[in-house]
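See below for the structure under consideration.
The values are calculated or read from the model by the stated rules, or taken from the named source; none is laboratory data. All values derive from a computational prediction rather than experimental measurement. For neighbour counting, all protein chains shown are included, and Cβ atoms are generated from backbone atoms with ideal geometry for every residue, glycine included. Accessible surface is based on the protein model in full, side chains and every heavy atom, while ligands, DNA and RNA are left aside. Shrake-Rupley method; radii C 1.70, N 1.55, O 1.52, S 1.80 Å.
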Amino acid sequence: EAADVAARELRRAVDLEPENVVPLAALGQLEYVMAILEWAPDRGTALADAQRRARRALSLDPGSGLAWTVLAGVAFARGHTDECQTDASRAIQLSPSHPSVLYASGVLLALSGAWERGQECIRESNRLNPYHPGYQHIYLALDRFLAGDHTGMLAEASLHTHPEDRWGPLSRFLAFAGLGDDDRAGQE
């Protein structure tokens with residue numbers, strides 16, 4: 001529901017300022033994420049719209065890291081991992097100090113096979129803006145899980161406090177279980 005409202009408002013913003021790269025890219029990002037999460041009524045249309053918006057944004061500003069992130073997300077959703085990594089790397093190169101670009105591109109890199117590089121970007125995003133939403137720590141928690149570092153996993157997962165998201169409790173459960181604290185694991 002919230003995503004639908006955001007999409008409607010972003011479409012309105014694009015209609016009001018069709019030359020503004022930020023709402024174009026933001027709408028494209030929302031569309032590819034909705035396609036990946038299977039929230040879009042028509043996945044193919046959502047990806048095509050996202051790609052069209054990103055290309056439009058890049059025609060206005062070829063240096064838009066946000067727009068390159070959208071292209072990376074579309075490529076990821078379509079299973080084109082090399083293209084995803086190329087576009088995400090381009091976004092990072094163009095916007096090395098933009099926390100949102102670093103996070104989104106980092107996730108796409110991590111999920112498309114460049115795990116370590118993706119983790120570096122996510123960590124840098126959180127360093128630049130430690131007030132990002134807590135969900136940004138879930139991939140860092142998973143990284144600690146894969147490394148067998150349950151204490152580190154718990155530290156990262158404890159920063160995820162979104163009440164309706166299952167990833168925080170699941171990550172904390174795994175961390176507590178790995179630490180041998182069955183009572184707390186059961187509570188999570």
Please verify whether the range 117-124 includes one or more residues that are in a loop (DSSP other than H, G, I, E, B), open to solvent by 60 Å² or more (accessible area, probe 1.4 Å), at pLDDT 95 or above and within 18 Å of residue 68 (Cβ to Cβ). no
What tally of residues in the range 90-114 results from selecting those that are polar (S, T, N, Q) and open to solvent by less than 50 Å² (accessible area, probe 1.4 Å)? 3
Got a sec? Which of 101, 70 is of a type in the set (A, V, I, L, M) and within 16 Å of residue 119 (Cα to Cα)? 101
Extreme residue, surrounded by the fewest Cβ atoms within 10 Å (Cβ to Cβ), among residues of the range 172-188 that are in a loop (DSSP other than H, G, I, E, B) and not hydrophobic (A, V, I, L, M, F, W, C): 180
Would a scan of the range 58-68 turn up a residue that is open to solvent by 40 Å² or more (accessible area, probe 1.4 Å), in contact with a helix residue (DSSP H, G or I) (Cβ under 8 Å, 6 or more places away or on another chain), over 23 Å from residue 137 (Cα atoms) and of a type outside the set (Phe, Trp, Tyr)? yes
Out of all the residues in the range 78-88, which are touching a residue at least 24 places away in the same chain (Cβ under 8 Å) and surrounded by fewer than 20 Cβ atoms within 10 Å (Cβ to Cβ)? 78, 81
Which residues, counting only those in the range 47-57, are open to solvent by 10 Å² or more (accessible area, probe 1.4 Å) and within 17 Å of the chain's Cα centre (by Cα)? 51
Do any residues in the range 36-60 that are under 23 Å from residue 111 (Cα atoms) have Cβ atoms under 8 Å from those of residues that are of a type outside the set (A, V, I, L, M, F, W, C) and surrounded by fewer than 17 Cβ atoms within 10 Å (Cβ to Cβ), where the two are at least six apart or on different chains, and which pairs are they? 47/78
